[in-house]
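K.L.:
The structure's right below; bear with me while I get my questions together.
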Amino acid sequence: MNQMEQLKRTFLKGLEEVSTLQGLEDLRVRALGKKGDLTLLMKDLGQKTPEERRTLGAELNALKDVLTIALEERKEILEEDGLKERLVSETLDVTLPPRPRATGNIHPLSHVMDQAIHIFGQMGFVVAEGPDIEEDFYNFTALNFPPDHPARQEQDTFYLPSSSTGQPLVLRTHTSPVQIRTMLKTQPPIRIIAPGRTYRSDYDATHTPMFHQIEGLVIDKHTHMGHLKGCLEEFCRLFFEDPSLKLRFRPGYFPFTEPSAEVDIWWKGSSWLEILGCGMVHPNVLRNCDIDPTEYQGFAFGMGLERIAMLKYGIEDLRLFFESDLRWLNHYGFAPEARE
Amino acid sequence: MRFTLSWLKEHLDTKASLEEISEKLTSLGLVVDKIKNPGEALAPFTVCEIIEAEKHPNADRLQVCKVQTGNEIIQVVCGAKNARKGLKAVLARPGHIIPSTQQVLKVGKVRDVESFGMLCSNEELLLEETSEGIIEVDPKAPIGKSYAEWLELNDPLIEIEVTPNRGDCLSVHGVARDLAATGIGTLKPLKTAKVSSTFPCPLSLKIDLEACPYFTGRVIRGLKNGPSPEWLQKKLRSIGLRPISALVDITNFFTYDGGRPLHVFDADKIKGNLSVRLSKTGEIFKALDEKTYTLSDEMTVIADDSGVISLAGIMGGESTGCDETTQTVFLESAFFDPIHTSITGRAVNIISDSRHRFERGVDPLSTLPGLEAATQMILDICGGEASQILAEGQPPYEEVEIPFFTIRLETLGGLAVDPMEAEKILNSLGFKLIEDENGYSIIPPSWRFDITQEADLVEEILRVKGYDKIPSVPYGERPEQKPLAPAQERRFAIRDRLASQGMTEVITWSFMSKEEAKLFGGIDKHLVLINPLSQDLNGMRPSLLPNLLKATLQNQNRAAETIALFEVGPQYANPTPEGQSLMATGLRCGLFNQNTWCEKKRPVDIYDVKADVLALFELVGLSPQIEANGPSWYHPGRSGTFKFGPQIVGYFGELHPRVLKAFDVKGPTLAFEIFIDRLPLSKKKTTAKPKLELSPYQVVDRDFAFVVNQNVSADTLIKAVVKAEPSLKMSLSIFDVFAMGDGKKSIALRIRIHPKDHTLTEDEIQMISQKIISSVEKNVGGVLRQ
């Protein structure tokens, strides 16, 4: 075995045994460094005959290539092993909970109000408003309530001291006074919804002294009961996310509509549930707002937002809407939505 | 309103099923509340006959009976003494549920003898509260027949809701009339009578027509009051009324049957003559409910020489009440005005069937026929003879013609109806029709107080046809505008932004206690409720904070440690619409975050709520001035007021310790109140953003620490820095603040300089730094910390 063969064997054996990058570098220096064995052999070439130099030189260069490639290969393996080892040492417990980010919630009633506005908005309704503290005129008289109507009596209505002009003041018992305010200041055609707070003096499992309603009003020359049905069917089906939801319109009584109707929905295949009242605006109401009932007509509706929220989201106790219990709000609330 | 199916059929000739009737009622607007068949629970029990009864071999008190069921003979062990051969009894078979125990009957062995059924007692079938022995069925009852059927218990009770405008349907006859109009049956006429009087009425009557427009009555003498006949008792019981005596039961019958309330006075107890008048304040009246009422003025009463003996249309008096000794009565049939009756009824708070009907309107033309029919029934049941009729006033009914064009059914009601059909429906509801070349004139019947115009007639025809016949027309032309105006839209966006800040939205009462409001400026006397539900909720809130503080306390009591609440809602400064302000009010209390493996907990501080408010202002594109100090409910040294010019738009800060103590809230509490509708609306016409120049040149970061007097605010220091080189864009962050003693503090800033048109040289950077240092020195007296 000649010197070269010996060198090659030692080097390759060394490569096999080496386990660190430093050991690999040492091996390289021993063979290929400035004073490395192979380098020295190459330096010796100068003293050889040209003939020997040619053949031996070619052999030495070939050996250098072999050693260099083997070294590179081994280096890659060792580097890969090193990286693996590092990565193993860097292992984290990914099951640990992340840093909590404080999240807030929107009250379910607000969420329901948003949805209602959105759905009616698609039908061309715009939002109108009125004050919580109303004159008796807007809350009752203009809405064609007879003077002795039970809703006008103390057990239902919250009263405030009369205004400076002597008008009795009440907390509005429904959102319907917004109809009057709108009709008195706007000429038809009118198409509004009015969501808001309403008040009645009643507190038990199914009544709270404050609750929310959404009112609707359409006044033009041609809108009839068929449109009223179509409008409310579309709303209920979109709101309850059930395109085949069954609705039942049956005759009802409200002083401010004629004909009047109550609307039931067929709920979970088991029973009819009353969800809203509606009808064609009573001619007396139009007259009270200086709108000629022989020229204009339209429909109005009103529904309780708590009621539809309870049905849609399976909320059982009405009173908890207003208890500000964080446990309840976190459970029934909604993440703030991204808006346009 | 309650009635049984058999009672309804006395007024309506129909072959319709109960289900059809029920559907029609709801569709007519007489919504069915419930239907109950009292015979249902008894349906399985049948009539049987004991054909053999022998002593039980192992028990003295038991008998072993052979029972004929109608198709077989079975063995039944029975403990009742009255079980005997030949007796017809009621049999329960294995599998049936015994009403009194709700247990399923099984085949049993009683002392080694098998029993294949049970002979029932009235108690076991819940037909009587207690009973001795088994039921002894009438020998005429056929074996095998359902016992409930034999007793005619299979008569469903129908309960409907009647809207306040339909007083005419508080009678079986009225309900039948509505049903007949739908075509499912024929209305039978009300029974009438013409009683021949045998003597003049011995009482005289004075009537104040303001108190009562029409009053009739007569004396019936020589009668005998006692229990009413079985058919009448059964009828009243079937609708849940307790039979009292023949005279009272007869008046109750007419109240429900034809909607004609009546009253019977014991004529022997009437002192002197009768008058119908308005009461005087302070008059005392003892009613049949045994309570004494002190009357105010303007109540319609019936009086004799002793005083008030009846509250008209509401309840009779104890002094003239009928009992089993009554021999002479005065029978009253009148028209009492709905408004008067309603006001009086509410004032005395008496609820009665009579008040319920008079308040909603009783047919004025039924006054005299009702008197006659009731007289006839009294004579038939109690005997006696009737006097001539006493009548004063006139029935208040005038025929009014309402013009009606059937085309309105389509243009208002959305349903085209053949005029012939419309005519038929109106006729069957009792309307009179006059046809002329323009259309119809319609005269409503005397029992309908709610029909005054065309729209009412449209409803009548539509409800008889059924609202389900109206085709729905898709509604909604494409919107021309957004549903929310910018000022409205902004409120919803603010709510979302605050929730994104980690706050939870609450909705609390608009009212609160006057007492608790004192710390928040108090409640104006015009905003105190006249009739609050409780003293806790007696005024309109001047601020949302008290409710949020109460919510905080409640949540603290439930061990909540991080509390961040907000409400978007109204507060009230005065009762005018302008006095109502829409607020976004929020509050943080307790920990900002909890201890976790990677973060330490820390309490909330004023900068957390400042961040909330700034997020809100950023959303609406505004930056208001901040002035030190908020209103009295804030910590004076840790609060601020937001303003646009002279207009206050909000407050923020730490709440005053006195407030926290009053509300029992633990730990510092930070709050903000923003008057949403006072924020100026952005005038920008476009949503486009200003053009952005992206500089390719390297930014430069430099840190500075300045020593300034303690009273120099961070805000003024930043202004001094920015002023130093206005031509360059700088972004600043304060990364350290600490007190140094001697009234000095150090504020450390990192300043990033964004070059515009070339990379800054070291010399240029030096120059800018110098300018910053001199500007700080000149403007706020600060020096660079060495």
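K.L.:
Output the residue which, of all residues in region B:262-286 that are of a type in the set (D, E, K, R), touching a Ser or Thr at 6+ places or on another chain (Cβ under 7 Å) and not in a strand (DSSP E or B), is farthest from B:Leu157 (Cα to Cα).
P.N.:
Selected residue: B:Lys271.
K.L.:
Further question: Could you grab the pairs with beta carbons closer than 7 Å, sequence gap of 6+ or different chains, first residue in region B:183-204 and within 16 Å of B:Thr216 (Cα to Cα), second one among the aromatic types (Phe, Trp, Tyr)?
P.N.:
What qualifies is B:Leu203/B:Phe330.
K.L.:
Working only within region A:242-270, note down all residues that are surrounded by fewer than 19 Cβ atoms within 10 Å (Cβ to Cβ) and either touching a helix residue (DSSP H, G or I) at 6+ places or on another chain (Cβ under 6 Å) or in contact (Cβ under 8 Å) with a residue 60 or more places away in the chain (or both).
P.N.:
A:Pro243, A:Leu245
K.L.:
Moving on. Do you know which residues across region B:271-286 are among the aliphatic types (A, V, I, L, M) and crowded, with 21+ Cβ neighbours inside 10 Å?
P.N.:
Residues satisfying the conditions are B:Leu274, B:Val276.
K.L.:
Name the pairs: first residue in region A:22-48 and in a helix (DSSP H, G or I), second residue of a type in the set (Val, Ile, Thr) and at pLDDT below 90, Cβ to Cβ under 7 Å, at least 6 apart or on different chains?
P.N.:
From residues that are in a helix (DSSP H, G or I), the pairs are A:Leu24/A:Val18; A:Leu27/A:Val18; A:Leu32/A:Thr39.
K.L.:
Can you find, within region B:674-706, the residue that is modelled with the highest pLDDT among those that are under 30 Å from B:Gly569 (Cα atoms) and of a type in the set (Lys, Arg)? Reasoning before the result, please.
P.N.:
We begin by selecting, within region B:674-706, every residue under 30 Å from B:Gly569 (Cα atoms); these are B:674-687.
Among the residues that remain, those that are also of a type in the set (Lys, Arg) are: B:678, B:683-685.
On the way: B:Arg678: 93, B:Lys683: 72, B:Lys684: 68, B:Lys685: 65.
So the residue we want is B:Arg678.
K.L.:
Going by what's in this entry, would A:Val218 be described as farther than 22 Å from A:Ser110 by Cβ, in the same structural domain as A:Gly304 (by TED's automatic domain parsing) and out of contact with any Ser or Thr (no Cβ under 9 Å at 6 or more places or on another chain)?
P.N.:
So A:Val218 fits the description; yes.
K.L.:
For region B:566-578, state whether one or more residues are in contact with a His (Cβ under 9 Å, 6 or more places away or on another chain) and outside any loop (DSSP other than H, G, I, E, B). It would help to see each step written out before you state the result.
P.N.:
Applying the first criterion (in contact with a His (Cβ under 9 Å, 6 or more places away or on another chain)) to region B:566-578 yields B:567, B:574-575.
Going one step further and asking which of them are outside any loop (DSSP other than H, G, I, E, B), we end up with B:567.
Yes: region B:566-578 contains one or more residues that are in contact with a His (Cβ under 9 Å, 6 or more places away or on another chain) and outside any loop (DSSP other than H, G, I, E, B).
K.L.:
For B:Ala485, work out the one condition from (1) facing chain A (nearest Cβ under 10 Å); (2) of a type in the set (A, V, I, L, M); (3) over 30 Å from B:Val609 (Cα atoms); (4) surrounded by fewer than 20 Cβ atoms within 10 Å (Cβ to Cβ) it doesn't fulfil.
P.N.:
Among (1) facing chain A (nearest Cβ under 10 Å); (2) of a type in the set (A, V, I, L, M); (3) over 30 Å from B:Val609 (Cα atoms); (4) surrounded by fewer than 20 Cβ atoms within 10 Å (Cβ to Cβ), B:Ala485 violates only (3).
K.L.:
While we're on this one: Looking at region A:158-182, which of its residues are modelled with pLDDT of 90 or more and either among the basic types (Lys, Arg) or out of contact with any Asp or Glu (no Cβ under 8 Å at 6 or more places or on another chain) (or both)?
P.N.:
Residues satisfying the conditions are A:Phe158, A:Tyr159, A:Leu160, A:Pro161, A:Arg172, A:Ile180, A:Arg181, A:Thr182.
K.L.:
Here's something else I'd like to know. Take region B:348-372 and flag every residue that is farther than 21 Å from B:Phe285 by Cβ and modelled with pLDDT under 95. Break it down into steps so the answer makes sense when it comes.
P.N.:
Narrowing region B:348-372 to residues farther than 21 Å from B:Phe285 by Cβ: B:360-372.
Within region B:348-372, B:Arg360, B:Gly361 qualify.
K.L.:
Taking B:Val613, is it in contact (Cβ under 8 Å) with a residue 60 or more places away in the chain, over 24 Å from A:Arg99 (Cβ atoms) and more than 14 Å from chain A (Cβ to nearest Cβ)? Give the derivation first.
P.N.:
Working: in contact (Cβ under 8 Å) with a residue 60 or more places away in the chain: yes; over 24 Å from A:Arg99 (Cβ atoms): yes; more than 14 Å from chain A (Cβ to nearest Cβ): yes.
So B:Val613 fits the description; yes.
K.L.:
Return the residues of region B:316-354 that are outside any helix (DSSP H, G or I) and farther than 23 Å from B:Ala391 by Cβ; say none if nothing qualifies.
P.N.:
First, pick out the residues of region B:316-354 that are outside any helix (DSSP H, G or I): B:316-317, B:321-337, B:349-352.
If the condition is that a residue be outside any helix (DSSP H, G or I) and farther than 23 Å from B:Ala391 by Cβ, then B:Gly321, B:Asp323, B:Glu324, B:Thr325, B:Thr326, B:Gln327, B:Asn349, B:Ile350, B:Ile351, B:Ser352 are the ones that fit.
K.L.:
Return the pair list, or none, for Cβ contacts closer than 6 Å from residues in region A:207-228 that are at the interface with chain B (Cβ under 8 Å from one of its Cβ atoms) to residues that are of a type in the set (Phe, Trp, Tyr) and not in a strand (DSSP E or B), at least 6 apart or on different chains.
P.N.:
A:Pro209/A:Tyr203; A:Met210/B:Trp509; A:His227/B:Tyr475
K.L.:
Another question about this same structure. Could you tell me whether any residue of region B:297-319 is modelled with pLDDT under 90 and over 20 Å from B:Leu368 (Cα atoms)?
P.N.:
Yes, some residue in region B:297-319 is modelled with pLDDT under 90 and over 20 Å from B:Leu368 (Cα atoms).
K.L.:
Which one is farthest from the chain's Cα centre (by Cα), of the residues in region A:162-197 that are within 10 Å of chain B (Cβ to nearest Cβ) and among the β-branched types (Val, Ile, Thr)?
P.N.:
In this case the residue turns out to be A:Val170.
K.L.:
Which count do you get for residues in region B:594-608 that are within 13 Å of chain A (Cβ to nearest Cβ) and assigned to a helix (DSSP H, G or I)?
P.N.:
Residues meeting the conditions: 1.
K.L.:
While we're on this one: I'm checking my understanding of the structure. Among residues of region A:75-121 that are assigned to a helix (DSSP H, G or I) and facing chain B (nearest Cβ under 7 Å), which one is surrounded by the most Cβ atoms within 10 Å (Cβ to Cβ)?
P.N.:
Kept after step one, since they are assigned to a helix (DSSP H, G or I), are these residues of region A:75-121: A:75-89, A:108-121.
After this cut, where a residue has to be facing chain B (nearest Cβ under 7 Å) as well, the list is A:109-110, A:114, A:117, A:120-121.
On the way: A:Leu109: 21, A:Ser110: 23, A:Asp114: 19, A:Ile117: 22, A:Phe120: 26, A:Gly121: 18.
Among them, the one singled out is A:Phe120.
K.L.:
Counting only residues that are touching a helix residue (DSSP H, G or I) at 6+ places or on another chain (Cβ under 7 Å) and not in a loop (DSSP other than H, G, I, E, B), which one in region B:186-205 is surrounded by the most Cβ atoms within 10 Å (Cβ to Cβ)?
P.N.:
B:Leu187
K.L.:
Take the conditions in a strand (DSSP E or B) and either at pLDDT 95 or above or surrounded by 22 or more Cβ atoms within 10 Å (Cβ to Cβ) (or both) and apply them to B:Gly259. Does it pass?
P.N.:
Answer is no for this residue.
K.L.:
One residue is enough: does region B:428-449 have a residue meeting the conditions within 11 Å of chain A (Cβ to nearest Cβ), touching a residue at least 24 places away in the same chain (Cβ under 8 Å) and crowded, with 16+ Cβ neighbours inside 10 Å?
P.N.:
yes
K.L.:
Taking the condition β-branched (Val, Ile, Thr) and surrounded by fewer than 19 Cβ atoms within 10 Å (Cβ to Cβ), does B:Ile523 pass?
P.N.:
On the way: β-branched (Val, Ile, Thr): yes; surrounded by fewer than 19 Cβ atoms within 10 Å (Cβ to Cβ): no.
So B:Ile523 fails the test.
K.L.:
Identify all residues within region B:639-675 that are under 37 Å from the mean Cα position of the chain (by Cα), of a type outside the set (Val, Ile, Thr) and part of a strand (DSSP E or B); write none if there are none.
P.N.:
B:Ala671, B:Phe672, B:Glu673, B:Phe675
K.L.:
Inspect region B:228-247 for any residue being at pLDDT below 95, closer than 30 Å to B:Asp468 by Cβ and in the same structural domain as B:Leu311 (by TED's automatic domain parsing) and give the result as yes or no.
P.N.:
Scanning region B:228-247 turns up at least one residue that is at pLDDT below 95, closer than 30 Å to B:Asp468 by Cβ and in the same structural domain as B:Leu311 (by TED's automatic domain parsing).
The values are calculated or read from the model by the stated rules, or taken from the named source; none is laboratory data. Owing to the predicted nature of the structure, the values given are computational and were not obtained by experimental measurement. Quick reminder, even Gly has a Cβ in these numbers, built from the backbone with ideal geometry, and neighbours come from all protein chains shown.
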